[in-house]
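The values are calculated or read from the model by the stated rules, or taken from the named source; none is laboratory data. Owing to the predicted nature of the structure, the values given are computational and were not obtained by experimental measurement. Note: ideal-geometry Cβ built from the backbone for every residue, glycine included; neighbour counts use all protein chains shown. For the accessible areas, the whole protein counts, side chains as well, though only heavy atoms, and no ligand, DNA or RNA atoms are used. Shrake-Rupley method; radii C 1.70, N 1.55, O 1.52, S 1.80 Å.
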Amino acid sequence: MTKYVAAIDQGTTSTRCMVFDHSGHVVSVDQTEHEQIFPRAGWVEHDPREVWTNTRQVAAGALAKADLTTEDIAAVGITNQRETAVVWDRTTGEPVYNAIVWQDTRTDRICRDLADLGGGQERYRDRTGLPLATYFSGPKVRWVLDNVEGARARAEAGDLLFGNMDTWLLWNLTGGVDGGVHVTDPTNASRTLLMNLDTLSWDAEIAADMGVPMSMLPEIRSSSEVYGHVRERSALASVPIAGILGDQQAATFGQACLSPGEAKNTYGTGNFVLLNTGTDKVMSENGLLTTVCYQIGASAPVYALEGSIAVTGSLVQWLRDNLGILGTAGEVERYARSVEDNGGAYFVPAFSGLYAPHWRSDARGAIVGLTRFVNKGHLSRAVLEATAFQTREVIDAMNADSGVALTSLKVDGGMVVNELLMQFQADILDVPVIRPVVNETTALGAAYAAGLAVGFWASEDDIRQNWAQDKQWEPTMDAETRDRLYHFWKKAVSRTLNWVE
Ligand code: G3P
């Protein structure tokens with residue numbers, strides 16, 4: 001009998017394969033990072049071939065580490081960094097350009113031109129749930145077709161395919177040029193600016209505005225069903241690929257936020273707060289996104305409100321890699337603890353402009369409030385606080401949109417091991433922050449989607465039962481301090497706007 005389900009988690013900085021048992025515990029993991037390519041200011045790329053090679057390696061690695069074989073695995077799920085766009089040739093399997101990463105801002109002009117067609121930044125909000133912004137995939141595909149020599153003609157001839165990382169990996173895993181399956185799920189499709197949120201199908205009119213031929217677009221299937229089987233002569237050969245969820249939706253699923261009103265915040269490269277709104281599609285009036293949370297088989301889609309923050313964990317990496325003032329990312333907590341408070345310094349990491357709730361591509365990062373008093377400890381604290389303040393901004397927007405104040409926040413992701421940050425987060429939100437035992441909720445969510453499709457887990461009740469709390473942080477800050485700190489954060493944010501002309 002097969003005892004396990006695997007998940008491939010293709011993230012912004014790394015790719016991993018994790019194997020889970022029936023109780024949702026991690027049995028094995030293998031992970032490898034890929035190169036971050038920054039050809040110009042504001043541009044961010046990944047090499048899709050490197051990502052595909054890494055995927056094969058970590059799949060083999062995860063099995064080997066736990067002494068497992070393909071026969072032990074009931075199904076595999078895919079979860080991925082969303083919005084990152086790959087365009088490749090269906091006859092050769094070769095990408096025509098690097099993957100343009102979600103954080104990339106090169107499509108600013110394309111987005112502004114589309115807004116000028118009428119309706120401004122909200123032009124497609126009714127149909128897609130999204131503002132026109134550089135974040136999403138559609139404009140990135142347009143950029144590739146406009147800028148790679150010959151690409152548009154090849155796309156129009158039907159030779160090029162588009163996919164987010166889920167689709168690129170699924171196509172390759174299922175055989176590539178030898179019959180690869182060209183499919184995505186509604187959670188990924190809802191991040192392209194090309195899918196209609198009600199019908200869960202591609203919107204021909206928007207695709208035409210965007211200059212993206214419909215023949216490039218993958219088929220949209222549910223988030224939990226068998227799409228195909230892993231090609232022979234590879235790790236996981238013949239295993240059914242049975243789940244696809246964008247990584248933030250996967251984390252929501254893995255956190256068992258399965259009822260309307262339940263929310264989670266993932267602290268990764270960026271932060272992403274998702275609130276399950278059930279089968280009701282809530283349109284935001286406060287700068288949030290409306291997105292598909294998941295669609296399990298033939299059931300009705302479940303929607304979410306999302307607050308996307310571009311830069312949180314990657315700010316710590318930036319401090320380490322670009323400034324060299326940290327040896328390791330983990331040191332940020334030690335330095336932050338060496339001081340009482342931020343010393344008046346605020347760091348707004350608007351490296352990709354500002355995402356939710358502002359949606360300002362003209363913003364750029366700023367450190368403000370500096371005096372000679374400020375040292376490395378204060379800066380480290382300002383870096384951690386920026387994550388908590390940005391989260392507060394999107395939670396405020398969520399409370400305003402839903403009309404109900406959040407009473408607690410489930411958290412996961414790399415930064416939740418940072419105790420100082422978690423306490424500050426509870427303080428600045430004034431609600432308890434709760435961390436689960438299994439913190440790998442992204443991979444777990446994809447494993448759940450795949451396992452449900454093949455009957456490894458019977459129902460969503462199994463997911464609820466597997467969830468267990470590890471630790472809870474209670475707010476202890478007085479209201480006056482909280483209000484004063486947040487006031488200065490807001491002031492700092494205002495300093496970053498209108499920077500790009
Ligand atoms: O929308 C971008 C998001 O999916 C990226 O997530 O965890 O790779 O930073 P992560």
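Taken across the stretch 44-54, residues that are in a strand (DSSP E or B), farther than 26 Å from residue 104 by Cβ, assigned by the TED database to the domain that holds residue 88 and touching a Ser or Thr at 6+ places or on another chain (Cβ under 9 Å) do not occur at all.
Is it true that some residue in the stretch 413-433 is within 21 Å of the chain's Cα centre (by Cα), open to solvent by 30 Å² or more (accessible area, probe 1.4 Å) and under 17 Å from residue 307 (Cβ atoms)? No, the stretch 413-433 contains no residue that is within 21 Å of the chain's Cα centre (by Cα), open to solvent by 30 Å² or more (accessible area, probe 1.4 Å) and under 17 Å from residue 307 (Cβ atoms).
Among residues belonging to the stretch 298-321 that are in a strand (DSSP E or B) and either of a type in the set (S, T, N, Q) or touching a residue at least 60 places away in the same chain (Cβ under 8 Å) (or both), point out the one that is farthest from the ligand (Cβ to nearest atom).
Out of the qualifying residues, it is 303.
Cβ separations smaller than 6 Å between residues 6+ apart or across chains give the following pairs from the stretch 463-479 residues that are in a strand (DSSP E or B) to residues that are open to solvent by 40 Å² or more (accessible area, probe 1.4 Å): 470/437; 473/423.
Does residue 191 satisfy being basic (Lys, Arg) and under 20 Å from residue 128 (Cβ atoms)?
Working: basic (Lys, Arg): yes; under 20 Å from residue 128 (Cβ atoms): yes.
Yes; evaluated as a whole, the condition is true for this residue.
Within the stretch 37-48, restricting attention to residues that are surrounded by fewer than 18 Cβ atoms within 10 Å (Cβ to Cβ) and either touching a residue at least 24 places away in the same chain (Cβ under 8 Å) or among the basic types (Lys, Arg) (or both), the residue that is farthest from residue 437 (Cα to Cα) is 40. Of the strands (runs of 3 or more DSSP E) that lie entirely inside the stretch 189-286, those containing 1 or more residues that are of a type in the set (Ser, Thr, Tyr) span 224-229, 263-267, 271-278.
Every residue, every condition in (1) touching a residue at least 24 places away in the same chain (Cβ under 8 Å); (2) of a type in the set (Asp, Glu); (3) in contact with a strand residue (DSSP E or B) (Cβ under 9 Å, 6 or more places away or on another chain), yes or no:
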{"site": "161", "(1), (2), (3)": "yes, no, yes"}
{"site": "179", "(1), (2), (3)": "no, no, yes"}
{"site": "193", "(1), (2), (3)": "yes, no, no"}
{"site": "196", "(1), (2), (3)": "yes, no, yes"}
{"site": "205", "(1), (2), (3)": "no, yes, no"}
{"site": "211", "(1), (2), (3)": "yes, no, no"}
{"site": "216", "(1), (2), (3)": "yes, no, yes"}
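If you filter the stretch 68-82 down to residues that are surrounded by 24 or more Cβ atoms within 10 Å (Cβ to Cβ) and more than 16 Å from the ligand (Cβ to nearest atom), you find that the one that is nearest to residue 451 (Cα to Cα) is 75.
Would you check if residue 85 is away from the ligand (no atom under 15 Å from the Cβ), buried (at least 24 other Cβ atoms within 10 Å of the Cβ) and under 24 Å from the mean Cα position of the chain (by Cα)? No, not satisfied. Taken together, 118, 211, 150, 179 contain a single residue that is surrounded by fewer than 20 Cβ atoms within 10 Å (Cβ to Cβ) and closer than 21 Å to residue 361 by Cα, which is 118. Scanning the stretch 444-451 for residues that are in contact with a strand residue (DSSP E or B) (Cβ under 7 Å, 6 or more places away or on another chain), closer than 19 Å to residue 256 by Cα, open to solvent by 60 Å² or more (accessible area, probe 1.4 Å) and of a type in the set (A, V, I, L, M, F, W, C) turns up nothing.
Among all positions in the stretch 397-417, there is at least one residue which is over 30 Å from residue 242 (Cβ atoms), at pLDDT below 95, part of a helix (DSSP H, G or I) and touching a helix residue (DSSP H, G or I) at 6+ places or on another chain (Cβ under 8 Å). Filtering the stretch 8-29 to residues that are more than 16 Å from the chain's Cα centre (by Cα) and either within 19 Å of residue 102 (Cα to Cα) or crowded, with 22+ Cβ neighbours inside 10 Å (or both) leaves 17, 18, 19, 20, 24.
For (1) among the small types (Gly, Ala, Ser); (2) at pLDDT 95 or above; (3) under 22 Å from the mean Cα position of the chain (by Cα); (4) open to solvent by 10 Å² or more (accessible area, probe 1.4 Å), each residue gets a yes or a no:
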residue: 275; (1), (2), (3), (4): no, no, yes, yes
residue: 284; (1), (2), (3), (4): yes, no, yes, yes
residue: 295; (1), (2), (3), (4): no, yes, yes, yes
residue: 301; (1), (2), (3), (4): no, yes, yes, yes
residue: 306; (1), (2), (3), (4): no, yes, yes, no
residue: 309; (1), (2), (3), (4): no, yes, yes, no
residue: 331; (1), (2), (3), (4): no, no, no, yes
residue: 337; (1), (2), (3), (4): no, yes, no, yes
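Tell me yes or no: at least one residue of the stretch 341-356 is of a type in the set (D, E, K, R), within 18 Å of residue 387 (Cα to Cα) and not in a loop (DSSP other than H, G, I, E, B).
Checked the stretch 341-356: no residue is of a type in the set (D, E, K, R), within 18 Å of residue 387 (Cα to Cα) and not in a loop (DSSP other than H, G, I, E, B).
Is there a residue being assigned to a helix (DSSP H, G or I) and touching a residue at least 12 places away in the same chain (Cβ under 8 Å) anywhere in the stretch 361-376? Yes, the stretch 361-376 has at least one match.
Okay, residues lined up against (1) within 26 Å of residue 56 (Cβ to Cβ); (2) out of contact with any helix residue (DSSP H, G or I) (no Cβ under 6 Å at 6 or more places or on another chain); (3) away from the ligand (no atom under 15 Å from the Cβ):
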position	(1), (2), (3)
104	yes, yes, no
147	no, yes, yes
173	yes, yes, yes
176	yes, yes, yes
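For residue 98, the criteria (1) in contact with a Gly (Cβ under 6 Å, 6 or more places away or on another chain); (2) closer than 18 Å to residue 139 by Cα hold in every case but one, which is (1). From the list 193, 169, the lone residue that is hydrophobic (A, V, I, L, M, F, W, C), farther than 24 Å from residue 355 by Cα, crowded, with 24+ Cβ neighbours inside 10 Å and not assigned by the TED database to the domain that holds residue 279 is 169.
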